[in-house]
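Before any comments, here is the structure.
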Amino acid sequence: MSSKDGAISVSRLNSYVRGVLWEDMNLHGVKVRGEISNCTYAASGHIYFTLKDAGASIRCLMFKSKAAGLNFRLTDGSGVIVTGDVDLYEASGQYQIKVSAVQKDGTGLLYERYEKLKARLRAEGLFDEAHKKPLPAYPDKVGIVTARTGKVIHDIMTVGTRRNPWIQLVLCPASVQGEGAAATMIRAIQALEAYGVDVIIIGRGGGSIEELWEFNDERLARTVYSCSVPVISAVGHDSDVTIIDYVADRIASTPSAAAELAIPDMVKVAAYMDQTGSRLDRVMRACIERSQAQMAHYEAQLRLLSPGRVLKDRKDYLETLYKRMQVMMDHRLSDEKQSLLEMESSLGRLMRQRMEDTKNKNAIYAQKLNGLSPLRQLERGYAYVSDEEGRGVSQIAQAPAGSELQIEVTDGRIRAKVTEAVPAVRESYGEQ
């Protein structure tokens, strides 16, 4: 039942729709042809996958009990015909096919041929990264292999001329679908290579495995591999993978993406060049400034280390030492002079003192000597007697009779002749 405002719940709506689907007998045991993708074998034994064609897709579920009857394994890309009932999963509101049986479609045989060719070419090394050629950074001519009209060429031209208005786009039209299309693409690649383009884009829009089958041609794959010009593959959508995608030097998800890969954005390049030029100018200015500073430093070092400068510095140093020595010598001489003056003064005082002391002593000695002087004795009445030879006579035995004597008195000398020598009479004093 609906509410007062006539609205029903989501659960009730999904339940009603499921009932409608279940009552439609045309949706029971229906057979649907398509290509498997997103295939998953669950741990429970159920199989979940998506069945698709070029325009739509539907989810599929195959319970474990039904999957046990399969005589081959379901894989992504396999063309099959499924038999089952159309149902609605109420919790998410998505309708699906509950699959009861699966058989290979004719397209499945194509997929097997595709896998066998891919394995053989991989074993030969045609897919190795070592053989991939780098894209030119700034191409002048870009070759395009696709239909003469259509969205592909329009997208490439739009993107290419926007990114680089001066780029030369060279279209070599070819058939991109149907029997014999591979041969036309081979001729187009060879013609563009001979013309001298810098890079080649080969592409078309998405489609079924049958529509894209010519891009799985072995001769086309080997032509792309052996081409001396880098090749970009832009075939189908992201989910569409052909043999030339593995062989080409680069893969693009769309023709527009291929044009972006092949053709640099000159606006960004010009901005980058301006920035690089500015950075280079700053770097060069900094290098020049550093070089100038270094040159000034070296020049200063040369001035400091030049022989003339060294000699001048040595001369200045010697002159400084000479002046310092003169000052020191003057100070030393002044100090020595002062010291000598002080010594002279001290010595003078000492000498005068010594002279005074000596004078005083001499006076004393003179007095003493005067007291002891024979002349002083002579003044007292004494005389000095000597023989003819000047020997002093102190005894009569030294002056025999007849000998001549010399008698020294205070005012002269007297010569005398001994006539008689009389011994002296000494009184002796006895004891009392």
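The values are calculated or read from the model by the stated rules, or taken from the named source; none is laboratory data. This is a predicted model, so every value here is computed, not measured. No Cβ is skipped: glycine too gets one built from the backbone with ideal geometry, and neighbour counts run over all protein chains shown.
Before moving on, here are some points about what is shown:
- A residue that is over 60 Å from the mean Cα position of the chain (by Cα) and part of a loop (DSSP other than H, G, I, E, B) occurs nowhere in the stretch 39-54.
- Conditions (1) in contact with a Lys or Arg (Cβ under 9 Å, 6 or more places away or on another chain); (2) surrounded by fewer than 21 Cβ atoms within 10 Å (Cβ to Cβ): number failed by Val176: (2)
- Scanning the stretch 134-153 for residues that are touching a strand residue (DSSP E or B) at 6+ places or on another chain (Cβ under 8 Å) and surrounded by 14 or more Cβ atoms within 10 Å (Cβ to Cβ) yields Leu135, Pro136, Pro139, Lys141, Val142, Gly143, Ile144, Val145, Thr146, Ala147, Val152, Ile153.
- Residues (under 19 Å from Glu115 (Cβ atoms) and either buried (at least 17 other Cβ atoms within 10 Å of the Cβ) or out of contact with any helix residue (DSSP H, G or I) (no Cβ under 9 Å at 6 or more places or on another chain) (or both)) located in the stretch 73-94: Arg73, Leu74, Asp76, Gly77, Ser78, Gly79, Val80
- Those residues of the stretch 116-132 which are part of a loop (DSSP other than H, G, I, E, B) and among the basic types (Lys, Arg), in sequence order: Lys132
- Looking only at the stretch 183-194, and only at residues there that are surrounded by fewer than 22 Cβ atoms within 10 Å (Cβ to Cβ) and hydrophobic (A, V, I, L, M, F, W, C), the one that is farthest from the chain's Cα centre (by Cα): Ala183
- Selection of helices (runs of 4 or more DSSP H) fully inside the stretch 137-239 by the criterion of at least 3 residues being in contact (Cβ under 8 Å) with a residue 24 or more places away in the chain and either in contact with a Cys (Cβ under 9 Å, 6 or more places away or on another chain) or of a type in the set (Lys, Arg) (or both) returns 181-195.
- Every pair of residues 6+ apart whose Cβ atoms lie under 6 Å, when the first sits in the stretch 1-28 and is farther than 15 Å from Ser92 by Cβ while the second is modelled with pLDDT of 85 or more and surrounded by fewer than 12 Cβ atoms within 10 Å (Cβ to Cβ): none
- When Arg309, Arg290 are checked against the criterion of being among the charged types (D, E, K, R), over 23 Å from Gly203 (Cβ atoms) and surrounded by 12 or more Cβ atoms within 10 Å (Cβ to Cβ), a single residue qualifies: Arg309.
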